[in-house]
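What follows is a set of notes on a single structure, which appears directly below.
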Amino acid sequence: MENTGFPIELDDMSKSYNKKTNVIDKMDLSVVPGEFLVLLGPSGCGKSTTLRIIAGLEAPTGGKVLIAGQDATQMTSIQRSIAMVFQDYALYPNMTVYQNLEYALRVHKVPKQIREQRLTSILASLNLTNYKDRYPSQLSGGQKQRVALGRGMAKKSRIFLLDEPLSNIDVQLREKARDEIQKLHEQNGQTIIYVTHDQQEAMALGDRIAVINDGKIQMIDTPENLYHNPANLFVAQFVGTPQINVFKVTYFNHQLLDESGAVVANLAPYQTTDLQEDTDYLVGIRPENVSLSEDPTGADFPAEVESVVDYGRYKQLTLKVFDRLEIKAVVTSWDSGVGQTVYAKLSRKELLLFDAQSHERIEANQNSQYELE
Amino acid sequence: MENTGFPIELDDMSKSYNKKTNVIDKMDLSVVPGEFLVLLGPSGCGKSTTLRIIAGLEAPTGGKVLIAGQDATQMTSIQRSIAMVFQDYALYPNMTVYQNLEYALRVHKVPKQIREQRLTSILASLNLTNYKDRYPSQLSGGQKQRVALGRGMAKKSRIFLLDEPLSNIDVQLREKARDEIQKLHEQNGQTIIYVTHDQQEAMALGDRIAVINDGKIQMIDTPENLYHNPANLFVAQFVGTPQINVFKVTYFNHQLLDESGAVVANLAPYQTTDLQEDTDYLVGIRPENVSLSEDPTGADFPAEVESVVDYGRYKQLTLKVFDRLEIKAVVTSWDSGVGQTVYAKLSRKELLLFDAQSHERIEANQNSQYELE
Amino acid sequence: MLTEKRNWGWHILLILIILAIMLPVVFMISNSFKTLQESYHSILQLIPSNPTLGNYLTLNKQINLLRMVSNTFLMAMIVTLGKVGTGLLAAYAFQNFHFKGKQLIYFIFVATIFVPFTTVMIPNYLVIAKMNLLNNVIGVALPQMCDATGIMLFIKAMEKIPSSLTESAKVDGIPNRRIFMNIIIPLLKPSIISVGAIFFINSWNEYVWPTLVLKDKSSFTLPLALQNYISSEGGTNFPLAMALAVIMIVPPLLIYMVFQKYILNSISSSGLK
Amino acid sequence: MLTEKRNWGWHILLILIILAIMLPVVFMISNSFKTLQESYHSILQLIPSNPTLGNYLTLNKQINLLRMVSNTFLMAMIVTLGKVGTGLLAAYAFQNFHFKGKQLIYFIFVATIFVPFTTVMIPNYLVIAKMNLLNNVIGVALPQMCDATGIMLFIKAMEKIPSSLTESAKVDGIPNRRIFMNIIIPLLKPSIISVGAIFFINSWNEYVWPTLVLKDKSSFTLPLALQNYISSEGGTNFPLAMALAVIMIVPPLLIYMVFQKYILNSISSSGLK
């Protein structure tokens, strides 16, 4: 892998359409050359706008965009060296597959021989050789997506931007398409920025993932850290499926108490100096970290099984706890039925606590961890 | 739960738009009163057309549709007693939420008092009371979806048809919306037919699932059987994520051999009289049934780890086997790195064999099972 | 932003087109405030050297302006309402009912758009004469009331309404009459207004056909009066004609101003930033 | 299918509208084959009792039909090409460039649609006279060449082209000129053809303005000749006028037939089943 990617830097960058509210709010972001960075967030969070600003399709209203260290506002599209794949693929309907790939090269007067050579190998690598004379309307979704990738590759750019490139193809084909994009990155070493709202896709692809909400980066880190050490409640809830269980608790006398007064978890064995007595917190526990047993010994609280869904590889249970709340649990095998009472234990290692107001995660500091196994 | 649903019967039903190719090909389907049946299939498979024919929006070109035992072609919409939720929700943009729910009742001259009573309770049950005077354009995707459900509920119909009702709302909200639909079914006991292309959604909701492809029902059964005992390769590949690993093998001397001649699995300990010597088969093994170990003892074949993706709850590995094929494995923990060689064992109990031509599953019959643990 | 080069060529072109479209209107307004003498000498001068309301006063003396405006308005309103009404009903019928030969009828329908009105004027004249509607505003309006253009425009607008809306209503047993009145018409409001406005102005502007039907001065419409001033014997009094022209463009522009929201939206749904 | 009741009302309505639109054309064709005598007696009779080609032969003797058709064709073609060309360029400029006051200019642009052409005829006449283009087909065509309607229609059509297409080209450094020629124009082909056809027929049908500019019989267009036959002194010869009318509708209908695929598609994208 030759590393040819350009670095990208967003410096205090803002974007507003109506001069009142910022769609992107003073964003700082630094993308390492050759990195595969995923921008992940719900629709309308500003992730696509960020990508469009980097591509030069929109101008930031504040701050700076630096590409390869240079202020991007003054750069032509050739200096930026950006290729981009759009969500709808943006294939020219009046040109064949080959002409689509060739068009920009022809306009920029790349000699015919070089064009042919380059495109032949790209078409072959994407299994499109047999389709090169077809028009986009004659292609399936997956084929269109590969043509869009190919058109981006034809440019040999230093930066590759992808805007939800897999959202318009069948679920069954996505896994394969992901592998293709990954391989493309390994071979060409471009800097890739990839926008998606699908957290599974983000986890599968990104070296790092920037989780964006309300025009702000909530957290930027590796997939593993995002899942296990989320910076705040939004990240914890956005990443992982089924969603993390969250409920309000009060910390009192080394215990986390439910609103009804029932004990959710006894933290007595652990140092808990980070938590304030008699204060509200939000506790988060992922469904796979709720272990269930028919034996009350050592369990945290009883739970009634409301429903069991069999997804084949795992089973997902909906449990009623404290006569009020519903929580989800994921288990690989489950033989008991519905309506039964079982006993739940929350894995202390994976228990997450959040400030009830700011929703920021309360991280265990080195001296006083609330969990220590 | 009071069971008020109508039964629905499709009898040799076909639909063709051009008189040449059948979009739906002689479909037989019998829906039990009060059943929650999911029609699952890729886009263009005919599942939505089936639903539209049952709703009376299109006429079948062959065969019959029976609702509550009567030929549906002669029935008015009131006799059919159908409520339907459309993929785009089809809310009337010029009416408020309340007016949307009320409209059909008002046209059919349901007295004002009864209307108010019924709608007040529906709005409350869907958490829409505060939004009743808003117009659809002022609602979020999830709220629109609930209004569409509410409009269907207002009719008190015997049959409820839903056409991909969750495909336009955020992933994070879908789980909750599924629970709501499930509850609605439990409370009202209508016959529900639910169309989706999302196999997870199908597994979570359906009493039974009909997998449709090319206008034909490939298999109709419970979610569990669909996953563990698929009728053919299509069902096996369509259900389950990541997709089932499939590769071509030759059965020879109690062994399954890869094209390269390497042994994929030794079936010697099992009775295998169903299989023909020296014949090609397709073998399918789900990623979670590929167990990996660093110890070659008892393993089937070596595999090189190409990549590891951490999805948090589980890790997904891509393995190169027989120097040629890529297979996926899902494990809950994985400490070794990439590039390493490990040893794979396929769970005999979950090994699926398909005819190489017809792609039909070769089921172990009671006397001669190729697997017997 | 990717502003590779300043696109001067495009901007100059746009300015030229704007000038070409707008200049005649400016000349018209300008000359209506000139004296006859000044307009002879310097008809292309933009600002009148001695602006005068004289032309408007003369006009008011010579003809019954109020009557003429109300004649024109009445005719244009009848035609507009008729075209919009038949257009909406026919478009809905075309969209929602299936009958044999529908495609052929549709083909012939569109073909009638390509038949110049001038050529069918005489058959129309005969019918109007037989109905004793000569010299009557109704006689002018009647043959213009059915028009395939309206049907086509409303079919186009109806296609933008998701079919799931009517389908949902049909599953719920709502009759077509109610679907049309309660759902289609309210949703088509912007189209109805802007198509109606175009019909109104076309009818307002119509000259040839009214000449045939209206012979009596008391039933004259504005375009007829204008034509009379232009081709009047003893030479055209340009400033006077221009004053009448200005009076003639005021009502259509008022309609445009009042309904601009709908009219602009129906042209460009996203709005031009 | 949910056919609750047969919708008789709707079908009857549709049939009435179809008759109202088509009958005049049928009368026109029918009378062009009648003798002068027969048309006097039974002008509303559909089938001529003694069909004759006499009117067409007389017409051919009285006027130079070929010259008149080519005059009209030339004028209509110039106007159509001019309107389509300026319309496309201006629409692209409006869609893709951002400049101050764009919204205001757009507002004024649309306003000019509401200015009746009759009212701006005189300023236009003066300009044409100064350019020495009276009695010249070019003089007729020139003032009609810029038209806000074309710009609006093309803006509407361009809005249907996904913006990602132009954006993708811009990221790849393709200049606007190339985007316009290589992507926009080919994709707008159906719109260009159908809008062009409408412009052609409008211009073909234009009567009032040519009357002003063309005084010499040799430069007459068809509508002028037709008007002459209708208002000729010594009474109108109806069958003769109808024969000319039939000749006048043939070219527009031919254009419609040739381009029907594009024209029907641009009206109803899904096609009417």
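Distance between the 7 Å Cα→Cβ label points at B:LYS20 and C:MET257: 6.0 nm. The P(r) of the protein assembly as shown has a tail past 44 Å containing 54 percent of all C-alpha pairs. The spacing between the stretch C:112-128 and the stretch B:1-46, judged by their C-alpha centroids, is 54 Å.
Please check: in the Gaussian network model of chain A (C-alpha springs, under 10 Å), which one of A:ALA210, A:ALA236, A:ALA104 has the largest mean-square fluctuation. Checking each option, the largest mean-square fluctuation is seen for A:ALA104. Taking a ≥ b ≥ c as the square roots of the Cα gyration tensor eigenvalues, the stretch B:154-213 comes out oblate, since a/c reaches at least 1.5 and a/b does not exceed b/c.
Other residues with beta-carbon under 10 Å from the beta-carbon of A:TYR314 carry, at +1 per Lys or Arg and -1 per Asp or Glu, a net charge of 0.
For the set B:LYS20/C:LYS170; A:LYS15/A:LYS248; A:LYS216/A:LYS320; B:LYS47/C:LYS156, the pairs lying more than 32 angstrom apart at their alpha carbons are A:LYS15/A:LYS248; A:LYS216/A:LYS320. Magnitude of the charge dipole for the stretch C:1-154, about its Cα centre and with charges confined to Cβ atoms of Lys, Arg (+1) and Asp, Glu (-1), is about 220 debye. Going from the fewest other Cβ atoms within 10 Å to the most, the residues A:HIS197, A:HIS359 appear in the order A:HIS359, A:HIS197. Per residue of peptide D:186-198, the mean number of Cβ atoms on other chains within 10 Å of the residue Cβ is 1. Per residue of chain A, the DSSP helices (runs of n ≥ 4 H) give a summed -39500 (n - 2.57) that works out to -7000 deg cm²/dmol at 222 nm. Here the residues B:LEU128, C:LEU254, B:LEU161, D:LEU16, ranked from fewest to most Cβ neighbours within 10 Å of their Cβ, fall in the order C:LEU254, D:LEU16, B:LEU128, B:LEU161. In chain B, taking the dipole from charged Cβ atoms about the Cα centre, the farthest positive-side position among B:SER167, B:GLN218, B:TYR92 is held by B:TYR92. Ordering C:ASN64, C:TYR207, C:PHE117 by Cα displacement along the dipole of the stretch C:53-271 toward the positive end leaves C:PHE117 in first place; charges were set at the Cβ atoms of Lys, Arg (+1) and Asp, Glu (-1).
Look at where the Cα atoms of the stretch A:296-329 and of the stretch C:191-248 average out, and the two centres are 81 Å apart. Please find the FRET efficiency linking B:ASP278 to D:GLU159, where r is the Cβ-Cβ separation and R0 is fixed at 56 Å, and quote it to the nearest 0.05. FRET efficiency, B:ASP278 to D:GLU159: 0.30. Its relative contact order, with pairs defined as Cα atoms under 8 Å and 6+ residues apart, puts chain D at 30 percent.
As a quick test, which of the pairs A:LYS315/B:LYS349; A:LYS176/C:LYS160; A:LYS315/B:LYS132 have an alpha carbon distance above 28 angstrom in this structure? In this structure, A:LYS176/C:LYS160; A:LYS315/B:LYS132 exceed 28 Å between Cα atoms. Reducing the stretch D:14-42 and the stretch D:129-144 to their Cα centroids gives an inter-centroid distance of 36 Å.
DSSP beta bridges fully contained in chain A are about 75 percent antiparallel. Using C-alpha pairs under 8 Å with a sequence gap of at least 6, the mean separation divided by the residue count of the stretch D:131-273 gives a relative contact order of 31 percent. Across the stretch B:8-234, C-alpha contacts under 8 Å between residues 6 or more apart give a mean separation that, scaled by the residue count, equals a relative contact order of 30 percent. GNM on chain A, alpha-carbon springs under 10 angstrom: the most fluctuating residue among A:GLN117, A:GLN138, A:GLN237 is A:GLN117.
Quick one: among D:LEU142, D:LEU19, D:LEU126, which has the greatest mean-square fluctuation in a GNM of chain D with alpha-carbon springs under 10 angstrom? Of the options given, D:LEU19 has the highest mean-square fluctuation. Taking a ≥ b ≥ c as the square roots of the Cα gyration tensor eigenvalues, with a/c under 1.5 meaning rounded and otherwise prolate when a/b beats b/c, else oblate, which class fits chain D? Note, shape of chain D comes out oblate. Counting Cβ atoms of other protein chains within 10 Å of each residue's Cβ and taking the mean over peptide B:153-164 gives 1. What does the structure give for A:98-104 when I average, per residue, the other chain Cβ atoms found within 10 Å of the residue Cβ? Per residue, the number of nearby Cβ atoms from other chains is 2 on average. Pairwise Cα separations in the stretch A:305-354 fall into 10 Å bins from 0 onward with the following percentages, short to long: 22, 52, 25, 1. Charging the Cβ of each Asp and Glu at -1 and of each Lys and Arg at +1, and nothing else, the dipole of the stretch B:180-326 about its Cα centre rounds to 360 debye. Neighbour counting of Cβ atoms within 10 Å sorts the residues B:LEU40, C:LEU212, fewest neighbours leading, into C:LEU212, B:LEU40.
One equal scatterer on each Cα of chain B, no solvent, Debye formula: the resulting log10 I(q)/I(0) at q = 0.07 Å⁻¹ is -0.42.
In a simple Cβ point-charge model (Lys, Arg +1; Asp, Glu -1; nothing else charged), the protein assembly as shown has a dipole of about 7880 debye relative to its Cα centre. Toward the positive end of the charge dipole of chain C, with +1 on the Cβ of Lys and Arg and -1 on the Cβ of Asp and Glu, the farthest Cα among C:LEU44, C:PRO186, C:THR86 is that of C:PRO186.
Values in this text are rule-based calculations from the coordinates and carry no lab data. What you see is a predicted model; the values in this text were computed from it and never measured. Reconstructed Cβ throughout: ideal geometry from the backbone, glycine too, with neighbour counts over all protein chains shown.
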